[in-house]
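Asks: One structure follows; several queries about it will come next.
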Amino acid sequence: MRILVVEDEQKLAEVLGRGLEEHGYAVDVAHDGEVGLQMAELEPYDLLILDVMLPGLDGYTLCRRLRAGRRNVPVLMLTARDAVDDRVTGLDSGADDYLVKPFAFRELLARVRALLRRDGLSRDPILRVADIELDTVTHEVRRGGQPVQLTSKEYAILEYFVRNPNRVLTRTQIAEHIWDYNFVAMSNVVDVYVGYLRRKLGDHREPQLLHTIRGTGYQLKAPKRVESGA
């Protein structure tokens, strides 16, 4: 999952970016509202963490412009203001959630997970496709009931596949959702990591779930259930 943090406090932005990356998210950072809006309009982010008080363009206006442009990416607003009117203004501008500074990082993580689940397969933190189970809280993965040890990037790719079962995902789409703004999309790193993932999932055996779509990308194909006769 790829997150954009728009925060003008350099130290806080660095802490948020580093902490989110440690939990497997790809993170880009902008320090003013104008740049943040440009990045949010150009890149397919899964979530925005948006400060209210920003130079160039405040968070409320940034959020309103995104919504006016039919950008439905979830938005978590951060602010030092805790008055009811400020929270109402933030939510009315199109934000999905509101977190008052100072806050515990684990609470921010919980809110991030909750917002990402809203557009996912269900509100259940456990995602399932075929015999794969993926815990979005602990990042534990099982296949056929057996634990699978993945790196943070391997986990992130698998989560993206599991949230998009049976959908063909191009290499560019995978790269844009898993790596940050500095990623070089022309490299073969996506193919390499999908290869790692296949081996760790034991995908050489049946049912094979990860399929290569020649000239396009990859597909996590959930096998069809066979209905037994009456």
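The values are calculated or read from the model by the stated rules, or taken from the named source; none is laboratory data. Model, not experiment: these values are computed from the prediction. Backbone-built Cβ (ideal geometry, glycine too); neighbour counts: all protein chains shown.
Asks: How many residues does segment 111-145 contain that are more than 20 Å from Arg199 (Cα to Cα) and in a loop (DSSP other than H, G, I, E, B)?
Replies: 10
Asks: Just wondering, is there one or more residues in segment 146-163 that are part of a loop (DSSP other than H, G, I, E, B), modelled with pLDDT of 90 or more, touching a strand residue (DSSP E or B) at 6+ places or on another chain (Cβ under 7 Å) and surrounded by 13 or more Cβ atoms within 10 Å (Cβ to Cβ)?
Replies: Scanning segment 146-163, I find at least one residue that is part of a loop (DSSP other than H, G, I, E, B), modelled with pLDDT of 90 or more, touching a strand residue (DSSP E or B) at 6+ places or on another chain (Cβ under 7 Å) and surrounded by 13 or more Cβ atoms within 10 Å (Cβ to Cβ), so the answer is yes.
Asks: Within segment 45-57, can you find the residues that are buried (at least 16 other Cβ atoms within 10 Å of the Cβ) and over 18 Å from the mean Cα position of the chain (by Cα)?
Replies: Correct list: Asp51, Val52, Leu54, Leu57.
Asks: Tell me which residues, restricted to segment 66-93, are within 26 Å of the chain's Cα centre (by Cα) and part of a loop (DSSP other than H, G, I, E, B).
Replies: Gly69, Arg70, Arg71, Asn72, Val73, Pro74, Ala80, Ser93
Asks: Exactly one condition in (1) more than 17 Å from the chain's Cα centre (by Cα); (2) part of a helix (DSSP H, G or I) is false for Tyr98; which is it?
Replies: Among (1) more than 17 Å from the chain's Cα centre (by Cα); (2) part of a helix (DSSP H, G or I), Tyr98 violates only (2).
Asks: Please work out which one of (1) free of Cβ contacts under 8 Å to residues at least 60 places away in the same chain; (2) surrounded by fewer than 15 Cβ atoms within 10 Å (Cβ to Cβ) is the condition Leu76 fails and give its number.
Replies: Condition (2) is where Leu76 drops out.
Asks: Count, please, the residues in segment 3-39 that happen to be within 20 Å of Ala156 (Cβ to Cβ), among the acidic types (Asp, Glu) and not in a helix (DSSP H, G or I).
Replies: Number of matching residues: 1.
Asks: Sticking with this one: Please state which one of Ile132, Ile126 is under 17 Å from Gln219 (Cβ atoms) and β-branched (Val, Ile, Thr).
Replies: Details: Ile126 fails: under 17 Å from Gln219 (Cβ atoms).
Of the residues listed, the single one that is under 17 Å from Gln219 (Cβ atoms) and β-branched (Val, Ile, Thr) is Ile132.
Asks: Would you point out the residue of segment 1-44, among those that are among the basic types (Lys, Arg) and under 18 Å from His139 (Cα atoms), that is nearest to the chain's Cα centre (by Cα)?
Replies: Result: Arg2.
Asks: Six or more apart or on different chains, Cβ under 9 Å: which pairs go from a residue in segment 90-101 that's assigned by TED's automatic domain parsing to the domain that holds Thr61 and free of Cβ contacts under 8 Å to residues at least 60 places away in the same chain to one that's part of a strand (DSSP E or B) and aromatic (Phe, Trp, Tyr)? Could you list them?
Replies: Gly90/Tyr98; Leu91/Tyr98
Asks: Looking at Leu62, Leu108, which is the one that is in contact with a Gly (Cβ under 7 Å, 6 or more places away or on another chain) and either assigned to a strand (DSSP E or B) or touching a residue at least 12 places away in the same chain (Cβ under 8 Å) (or both)?
Replies: Being in contact with a Gly (Cβ under 7 Å, 6 or more places away or on another chain) and either assigned to a strand (DSSP E or B) or touching a residue at least 12 places away in the same chain (Cβ under 8 Å) (or both) holds for just one of Leu62, Leu108, which is Leu62.
Asks: While we're on this one: Tell me which residues, restricted to segment 164-175, are among the hydroxyl-bearing types (Ser, Thr, Tyr) and either in a helix (DSSP H, G or I) or under 17 Å from Val141 (Cβ atoms) (or both).
Replies: Across segment 164-175, the qualifying residue is only Thr172.
Asks: Please tell me if Asp92 is farther than 19 Å from Arg118 by Cα, at pLDDT below 90 and of a type outside the set (Gly, Ala, Ser).
Replies: So Asp92 does not fit the description; no.
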